[in-house]
Amino acid sequence: FAQRLAAPPPAEPPPSVLEPTVALDEVEEAAECNVVPVQPRVWAVSGARIEKAAAMTNWDYHEAQERFQRIMGALGVSAALKRAGAENGDTIMVGAVDFKYYEETAMAVRARLAGYGDREEEEELGEGEGYEAARERARRRAAVDAELLELLESDGEVEQF
């Protein structure tokens, strides 16, 4: 009995059926999203994973809305929206949900509105930018900040259809 325990186990024959392989391209396709302009300042986002995340989000809770924003970042949706030209305050439609787009997280907005952060670079003129363009940029930034502050104090604007 002791000799049988000390002896190596018998070698198993190689499997006769190969295990299926997973094609990584299929996984990447599931993560893809399409950003399509619907009208000025309104964008439609489609893609299997982002639409599923939108459908599974409980929009009644701001924590869930913040989680959805992190998912958008992780799936590359935020970057795709920015590349397409989406700006703060634009309406985004994903599946049966419409919401306002903001590049910053709620925590970053609160910190910036409380005076934390570097405002000097925002106040400088952009390359080739005239005084009127800089003034318009500052006016638009102030309007977005006011809208963000209002949203932070309310439940947020998310419409479900």
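The Cβ shell under 10 Å around L81 holds other residues with a net charge of -1, Lys and Arg each +1, Asp and Glu each -1. Protein-only accessible surface at a 1.4 angstrom probe places the residues V36, V42 in the order V36, V42, largest first. Given a 1.4 Å probe and the protein chains as shown, R139 ends up with an accessible area of around 130 Å².
The values are calculated or read from the model by the stated rules, or taken from the named source; none is laboratory data. Here the structure is a predicted model, which means the values were calculated and not measured. Every residue, glycine among them, receives a Cβ derived from its backbone with ideal geometry; neighbour counts consider all protein chains shown. Quick note on the areas: whole protein, heavy atoms, side chains included, nothing else; ligands and nucleic acids left out. Shrake-Rupley method; radii C 1.70, N 1.55, O 1.52, S 1.80 Å.
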